[in-house]
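Remarks on the structure that follows.
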Amino acid sequence: MFSCVISANLMRSKLPIRAASKQSVDSKALQERQKQQMARSLPKQKPIAGVKQVIVVASGKGGVVNLALGLMTNDPSKSVGLLDADVYGPSIPRLMNLKGNPELTDNNQMVPLTNYGIPCMSMGFLVEDVAPIVWRGLMVMSAIEKLLRQVDWGLLDYLVVDMPPGTGDVQLSITQNIPIAGAVIVSTPQDIALLDARRGAEMFKKVNVPVLGLVQNMSVFQCPNCNHQTHIFGSDGARQLAETLGVQFLGDVPLHLNIREMSDRGKPVVVSSPDSPEVSILFYSILFYSILFFIYQHHAVSGLNSRGRWFHVE
């Protein structure tokens, strides 16, 4: 009798396990079908005509580092373009000291404006300087589509895309419509900015864009009188986040008066003061090394894959 009770209890205890197991299998199958349906509904990625590689830079603080990336990568053997994808707050026209409307080719393609040897395209060339862009999502998507597909870039080795802040429609539209070689995330060290940086990294992971690494902007302020260094926004926040995410920490950009003044004048410090202390070897190595070495010169790709693990492919 006792053995019968035990057997009955065992049978009852196994039933939920089988049911749970079957439910788990059904759930996985459903998720797989949903992924397949989503993949079919997503737009197919199409390269930008004439552009070999696209690098996106996600930064919550303007386009200064993006601009430095484009300028420092622009050696005589490589051609670089700069696309300002921040529709609501375009900054590249001011940073590159460019004004005017782009001309049109016979094929109705916009011709980028050029300064410092870098062709640039921005929504800022199409509207007045102080005119607010009050658009709904569909209009913004249409503008992004035009910036991606209706610009005559000629032949470019690299197109650097200055991404807007956040993880919304613009970011998804860009990552889903064009093949992207990798992303560089720029953040200041304080916690509130690092939250946005982490969201950006997670977004790139979900859309299978390799994260090349993190750059820490405004990392330290050095007093021009006594040379005392102060970490106004905290120290090593981006470095610690890079370790948490398992990606490379690419380096620091200091908070320096000359960088701000030259950027506001449309004379980037890497052009106006290339030998100044603030444009140090480290400043150059942050982006120049990470992009040229990891992707192109070394003939390898490194980054954060879709599973959140650091990969390296020869």
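The values are calculated or read from the model by the stated rules, or taken from the named source; none is laboratory data. Because the structure is a prediction, the values reported are computed rather than measured. Don't worry about glycine lacking a Cβ; one is built from the backbone with ideal geometry, like all the others, and counts go over all protein chains shown.
If you scan segment 107-160, which residues turn out to be of a type in the set (Asp, Glu) and touching a Lys or Arg at 6+ places or on another chain (Cβ under 9 Å)?
Pass one, segment 107-160, residues of a type in the set (Asp, Glu): 128-129, 145, 152, 157.
Across segment 107-160, the qualifying residues are 129, 157.
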**OP:** Go through (1) out of contact with any Ser or Thr (no Cβ under 8 Å at 6 or more places or on another chain); (2) at pLDDT 90 or above; (3) not hydroxyl-bearing (Ser, Thr, Tyr) and name the single condition residue 152 misses.
**Re:** (1)
Subject >> Residue that is within 16 Å of the chain's Cα centre (by Cα) and of a type outside the set (Lys, Arg), where the choices are 214, 126 >> reply: 214
